[in-house]
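Structure first, then comments.
The values are calculated or read from the model by the stated rules, or taken from the named source; none is laboratory data. Worth saying up front: this structure is predicted, and the values here are computed from it rather than measured. Neighbour counts run over all protein chains shown; Cβ positions are idealised from the backbone, glycine included.
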Amino acid sequence: MYVLALAFYRCKRLVLNGLRHVISPRTHITLTSCKFATISNIHISAPATSPNTDGIDISGSTHIQVRDSFIGTGDDCIAISTGSSHINVTRITCGPGHGISIGSLGAHGENDTVENVTVQNCTLKGTMTGVRIKTWQGGNGYARKISFNKIRFFRVNNPIIIDQYYCPTKVNCQNKTSGIRVSDISYSAIYGTLVTDKVINLSCDQNFGCINIVLDHVYITSTVPKKKAYSYCFNAHGIQSHTKPAATCLLK
């Protein structure tokens, strides 16, 4: 049985403020097919080792604000999935957990779409990933017009990720000819530290690639003195400026 602590379906103009969630059995809060909702001053806490304890999951929803909250989980702090648009995530402290994610999208060949998402003024501490877009091979649809602005990382494992080969079981993972189109993604004013050596990992679909990726004022360093950090790209197209380590792997 899939247990949800708190679920909202087809809500309109929801205001959820000042709630405290501790150790939910699974996902803490879900919004499905909602419009014009505001979630603020929420405190969510679950152990880093607790599986599938997403903080806030948003799907099929539009004009949603999530702000001024603390989320610590064993999975995504916030996950924004198919059918969602005009989502604003502001002043969130995330950690532990798997960071703030778009997706996953396109599982089982589904046509999934996410657009017009802004994540800004957020802090991520000790998370497995930082800001992430994850899509399955074989899906259809798009993830576009997504911005990550003024993000601070503290000892994050994998700060910036686009993973278009998402396959968490690592079993029978296959490349497909169809894929989610990823475009118009910006990362700006992002600073902090990581505990691995791969700061930027843009693994884009081999057929379509990622289009119009912008990296501007991204500075992330290893917590290990003198350890070199680097960026990786596959079929990612865009521009970079004031980025260290430099993402010279970006294609024009």
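Please verify whether ASP57 is of a type in the set (Asp, Glu), under 15 Å from the mean Cα position of the chain (by Cα) and assigned to a loop (DSSP other than H, G, I, E, B), treating the condition exactly as stated.
On the way: of a type in the set (Asp, Glu): yes; under 15 Å from the mean Cα position of the chain (by Cα): yes; assigned to a loop (DSSP other than H, G, I, E, B): no.
Against the criterion (of a type in the set (Asp, Glu), under 15 Å from the mean Cα position of the chain (by Cα) and assigned to a loop (DSSP other than H, G, I, E, B)), ASP57 does not qualify.
Give VAL114, VAL66 a once-over and let me know the one that is within 26 Å of GLY139 (Cα to Cα) and of a type in the set (A, V, I, L, M, F, W, C). Before you say what the answer is, go through the steps one by one.
Values: VAL66 fails: within 26 Å of GLY139 (Cα to Cα).
Every option except VAL114 fails the conditions.
Given the conditions (1) in contact (Cβ under 8 Å) with a residue 40 or more places away in the chain; (2) surrounded by fewer than 21 Cβ atoms within 10 Å (Cβ to Cβ), and given that ILE160 satisfies all but one, which numbered condition is not satisfied?
(2)
If you scan the stretch 221-245, which residues turn out to be closer than 18 Å to CYS210 by Cβ and outside any loop (DSSP other than H, G, I, E, B)?
Within the stretch 221-245, the subset closer than 18 Å to CYS210 by Cβ is 231-241, 243.
Once the filter is applied, which keeps residues that are closer than 18 Å to CYS210 by Cβ and outside any loop (DSSP other than H, G, I, E, B), the stretch 221-245 yields SER231, TYR232, CYS233, PHE234, ALA236, HIS237, GLY238, ILE239, GLN240, SER241, THR243.
Could you count how many residues in the stretch 73-89 are in a strand (DSSP E or B), buried (at least 22 other Cβ atoms within 10 Å of the Cβ) and not β-branched (Val, Ile, Thr)?
Kept after step one, since they are in a strand (DSSP E or B), are these residues of the stretch 73-89: 78-80, 84-89.
Next, only the ones that are buried (at least 22 other Cβ atoms within 10 Å of the Cβ) stay: 78-80, 84, 87, 89.
Next, only the ones that are not β-branched (Val, Ile, Thr) stay: 79, 84.
So the answer is 2.
Where the second residue is assigned to a strand (DSSP E or B) and of a type in the set (D, E, K, R) and the first is at negative phi and surrounded by fewer than 17 Cβ atoms within 10 Å (Cβ to Cβ) and lies in the stretch 232-246, which pairs have Cβ atoms under 9 Å and are six or more apart or on separate chains?
TYR232/LYS198; ILE239/ASP216; SER241/ASP216
Filter the stretch 111-157 down to residues that are surrounded by fewer than 24 Cβ atoms within 10 Å (Cβ to Cβ) and among the small types (Gly, Ala, Ser) and give me whichever is modelled with the lowest pLDDT.
GLY138
Here are some residues: THR113, THR135, THR127, THR169. Which one is over 15 Å from the mean Cα position of the chain (by Cα) and hydroxyl-bearing (Ser, Thr, Tyr)?
On the way: THR113 fails: over 15 Å from the mean Cα position of the chain (by Cα); THR135 fails: over 15 Å from the mean Cα position of the chain (by Cα); THR127 fails: over 15 Å from the mean Cα position of the chain (by Cα).
Matching residue, one of THR113, THR135, THR127, THR169: THR169.
Which residues, counting only those in the stretch 159-198, are in contact with a Ser or Thr (Cβ under 9 Å, 6 or more places away or on another chain) and in a loop (DSSP other than H, G, I, E, B)?
If the condition is that a residue be in contact with a Ser or Thr (Cβ under 9 Å, 6 or more places away or on another chain) and in a loop (DSSP other than H, G, I, E, B), then GLN164, TYR165, TYR166, PRO168, GLY179, ILE180, VAL195, THR196, ASP197 are the ones that fit.
In the stretch 222-244, how many are modelled with pLDDT of 95 or more and either touching a Ser or Thr at 6+ places or on another chain (Cβ under 6 Å) or under 20 Å from LYS134 (Cα atoms) (or both)?
8
Being under 15 Å from the mean Cα position of the chain (by Cα), closer than 21 Å to GLU110 by Cα and part of a strand (DSSP E or B): is that true of ILE92 here?
Details: under 15 Å from the mean Cα position of the chain (by Cα): yes; closer than 21 Å to GLU110 by Cα: no; part of a strand (DSSP E or B): yes.
For ILE92, the condition - under 15 Å from the mean Cα position of the chain (by Cα), closer than 21 Å to GLU110 by Cα and part of a strand (DSSP E or B) - is not met.
When you go through SER203, SER186 one by one, which is the residue that is of a type outside the set (Val, Ile, Thr), within 19 Å of ASN157 (Cβ to Cβ) and modelled with pLDDT of 95 or more?
Working: SER186 fails: within 19 Å of ASN157 (Cβ to Cβ).
Only one candidate passes the filter, namely SER203.
Inside the stretch 198-208, can you point out the residues that are in contact with a strand residue (DSSP E or B) (Cβ under 7 Å, 6 or more places away or on another chain) and surrounded by 21 or more Cβ atoms within 10 Å (Cβ to Cβ)? Even if it seems obvious, please write down each step before you answer.
Quick first cut of the stretch 198-208, residues in contact with a strand residue (DSSP E or B) (Cβ under 7 Å, 6 or more places away or on another chain) only: 198-204, 208.
Scanning the stretch 198-208 gives VAL199, ILE200, LEU202, CYS204.
Scan the stretch 134-156 for residues that are touching a residue at least 60 places away in the same chain (Cβ under 8 Å) and closer than 10 Å to ILE180 by Cα and jot them down.
THR135, GLN137
Sort through VAL117, VAL131 and tell me the only one that's outside any loop (DSSP other than H, G, I, E, B), within 29 Å of GLN206 (Cα to Cα) and in contact (Cβ under 8 Å) with a residue 40 or more places away in the chain.
On the way: VAL117 fails: in contact (Cβ under 8 Å) with a residue 40 or more places away in the chain.
Exactly one residue qualifies, and that residue is VAL131.
Quick one: ASN149 ticks every box in (1) in a loop (DSSP other than H, G, I, E, B); (2) within 13 Å of the chain's Cα centre (by Cα) bar one, so which box is it?
It fails just one condition, (1).
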